[in-house]
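Comments concern the structure below.
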Amino acid sequence: MDKLAAGFWGCYFGTTALMLVGSALAYLRSVRRIARNAALAACISGLFVVSFLGGLPLAGDDVEFRFLAHLATAAASILCFLLLSVLGVLKIRANRRRARLWLGLCCAIVIGAGWLVSPITSLSLGLCTAFLVGAVAVAFSVRSAMRGDRLAWAAVLAVLCMLVALAGLGWIALDRRQASTLVHVVSAVAATLYLATMATMLWARYSYLIVLHEVMSHGPSYDAVTRMRSHVETERMVDSVFAKMRDDPAPLGLLVLTIVNFYALNKLHGQAAVNHALFVSGGRLRRLLPPNVEIGRLGRSGFVLIMRNCRDSGTLIDLARLASSRLSRPVQLKTSADAKRLEARCTAWAADMGVGVLMVTNRAMSGSEAIASARAMSRTAVSFTSRIAWLDHPSGEIVELPVLAPA
């Protein structure tokens, strides 16, 4: 194997390592089924490639050919079962049992028949069986895609890439010394694309489970547009936080962000544009939050952030400046309800907003009083240059935070 082929195979093994790291992170986030599927796909395909490239210390060609024949049959069956599971074909218990039965029976028959023929014939039989299993996987994927499952088209691409890699690796195993660099490169690229496509499919399912977890935890009070607590759930969260404050003397940091140009956006471009603006704003806020900050929607055009154990007002002010800066960035909004269309009409928009900043140290203050005070400050802050208002406790007046000079 020359340096070019080694470089492409190195890219494949790097992708395998990244997929294993991603599966470990998913496992830590308690999405264990998806994590196991991702790790299984990476490990089996990695073992398959290492074995067919001659990376295992096997005694002689005959032993190697028989091992590769068994591995090809078993790996294709397991990966086919995994793919069908990801597509949801095996949700019904009877389908799972039927798939296990047929794939297991196929493996047993092919492996048993492989011992009745020569080692090289056994390898050819295992490769043919793997191609047959791959063809079955393509058929099921196309059927799911024709029934409206968009994820199934990615499955079709993944299986086709797997079949190309299987053909190339079979060629390399049967004629390792004469296999050209082109065969190595095409096989490595196909194997890398297979893993990348599988990772994309699993990530799509993983993201769905994360959102589903949020929906199940918040119930009907979950806001699907911003993917955070709705106004009703936010009120409950605020009451709970302020109730705990009576037992804990640590101050709370409160930020209320009010976006004042949603009404004009609705009148000019319709509710679809407003929904897109809310979606973008909610995503930007969620990405900048520290671990000790709770967030929720406040009415139709506001957000509230509560920082627990806020003993440093500078941290709260920095968060207010960061939130104001991120949410004020321009964005291209879809003005059509069909947001999937690339050619859908768009309009440039930037949030016109104010931020009210409040340090709550009075344990007798209720959550509704604190929210009302911070919300009034946020509306006042719309007229400030910095767009951030702060309650000066010594004077009891609402003052503007100064605009930071550019570094």
Would you be able to say whether some residue in segment 51-60 is of a type outside the set (Phe, Trp, Tyr), within 24 Å of residue 101 (Cα to Cα) and either at pLDDT 85 or above or open to solvent by 10 Å² or more (accessible area, probe 1.4 Å) (or both)?
no
Does residue 18 meet the test of being at pLDDT 85 or above, of a type in the set (A, V, I, L, M) and either open to solvent by 70 Å² or more (accessible area, probe 1.4 Å) or in contact with a Gly (Cβ under 7 Å, 6 or more places away or on another chain) (or both)?
yes
Output the residues belonging to segment 90-131 that are within 33 Å of the chain's Cα centre (by Cα) and in contact (Cβ under 8 Å) with a residue 12 or more places away in the chain.
99, 100, 103, 104, 130, 131
For segment 281-296, which positions are open to solvent by 40 Å² or more (accessible area, probe 1.4 Å) and assigned to a helix (DSSP H, G or I)?
284, 286, 287
Any residue at all in segment 294-312 that's within 22 Å of residue 402 (Cα to Cα) and either in contact with a His (Cβ under 6 Å, 6 or more places away or on another chain) or basic (Lys, Arg) (or both)?
yes
Looking at (1) more than 23 Å from residue 169 (Cβ to Cβ); (2) of a type outside the set (S, T, N, Q); (3) in contact with a helix residue (DSSP H, G or I) (Cβ under 8 Å, 6 or more places away or on another chain), which is the only condition residue 133 fails?
(1)
List the pairs whose first member sits in segment 263-290 and is closer than 14 Å to residue 324 by Cα and in contact (Cβ under 8 Å) with a residue 40 or more places away in the chain, whose second member is open to solvent by less than 20 Å² (accessible area, probe 1.4 Å) and assigned to a helix (DSSP H, G or I), and whose Cβ atoms are under 8 Å apart, counting only residues at least 6 apart or on separate chains?
281/327; 284/327; 285/323; 285/327
Determine, yes or no, whether residue 196 is over 19 Å from residue 49 (Cα atoms) and surrounded by fewer than 19 Cβ atoms within 10 Å (Cβ to Cβ).
no
Restricting attention to segment 31-48, and to residues there that are surrounded by fewer than 20 Cβ atoms within 10 Å (Cβ to Cβ) and in contact (Cβ under 8 Å) with a residue 12 or more places away in the chain, which single residue is nearest to residue 76 (Cα to Cα)?
44
Scanning segment 347-367 for residues that are in a strand (DSSP E or B) and more than 23 Å from residue 261 (Cβ to Cβ), which turns out most open to solvent (accessible area, probe 1.4 Å)?
359
What's the total number of residues in segment 297-327 that are out of contact with any helix residue (DSSP H, G or I) (no Cβ under 8 Å at 6 or more places or on another chain), in contact (Cβ under 8 Å) with a residue 12 or more places away in the chain and surrounded by fewer than 16 Cβ atoms within 10 Å (Cβ to Cβ)?
4
Residues being closer than 15 Å to residue 180 by Cβ and either of a type in the set (Gly, Ala, Ser) or open to solvent by less than 30 Å² (accessible area, probe 1.4 Å) (or both) - total across segment 1-15:
3
Which numbered condition in (1) assigned to a helix (DSSP H, G or I); (2) under 23 Å from residue 158 (Cα atoms); (3) hydrophobic (A, V, I, L, M, F, W, C) is the only one that residue 4 fails?
(2)
Pairing a residue in segment 365-377 that is touching a residue at least 24 places away in the same chain (Cβ under 8 Å) with any residue that is open to solvent by 60 Å² or more (accessible area, probe 1.4 Å), where Cβ atoms lie under 7 Å and the two sit 6 or more apart in sequence or on different chains, gives 367/239; 377/398
Has segment 387-404 got at least one residue that is more than 27 Å from residue 239 (Cβ to Cβ), modelled with pLDDT of 85 or more and surrounded by fewer than 20 Cβ atoms within 10 Å (Cβ to Cβ)?
yes
Condition first: in contact (Cβ under 8 Å) with a residue 24 or more places away in the chain and in a helix (DSSP H, G or I). Now tell me which residues in segment 52-62 satisfy that.
52, 61, 62
Taking residue 256 and the conditions (1) open to solvent by less than 10 Å² (accessible area, probe 1.4 Å); (2) out of contact with any Phe, Trp or Tyr (no Cβ under 8 Å at 6 or more places or on another chain), which numbered condition does it fall short on, given that it satisfies the others?
(2)
Can you tell me how many residues in segment 368-403 are assigned to a loop (DSSP other than H, G, I, E, B) and either closer than 30 Å to residue 274 by Cβ or touching a helix residue (DSSP H, G or I) at 6+ places or on another chain (Cβ under 7 Å) (or both)?
8
Expected single match for in contact with a helix residue (DSSP H, G or I) (Cβ under 9 Å, 6 or more places away or on another chain), in a helix (DSSP H, G or I), more than 17 Å from residue 41 (Cβ to Cβ) and not charged (D, E, K, R) among 200, 121, 192 is 121
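The values are calculated or read from the model by the stated rules, or taken from the named source; none is laboratory data. This is a predicted model, so every value here is computed, not measured. Every residue, glycine among them, receives a Cβ derived from its backbone with ideal geometry; neighbour counts consider all protein chains shown. When the accessible area is computed, the model is the full protein with side chains, heavy atoms only, and any ligands, DNA or RNA have been set aside. Shrake-Rupley method; radii C 1.70, N 1.55, O 1.52, S 1.80 Å.
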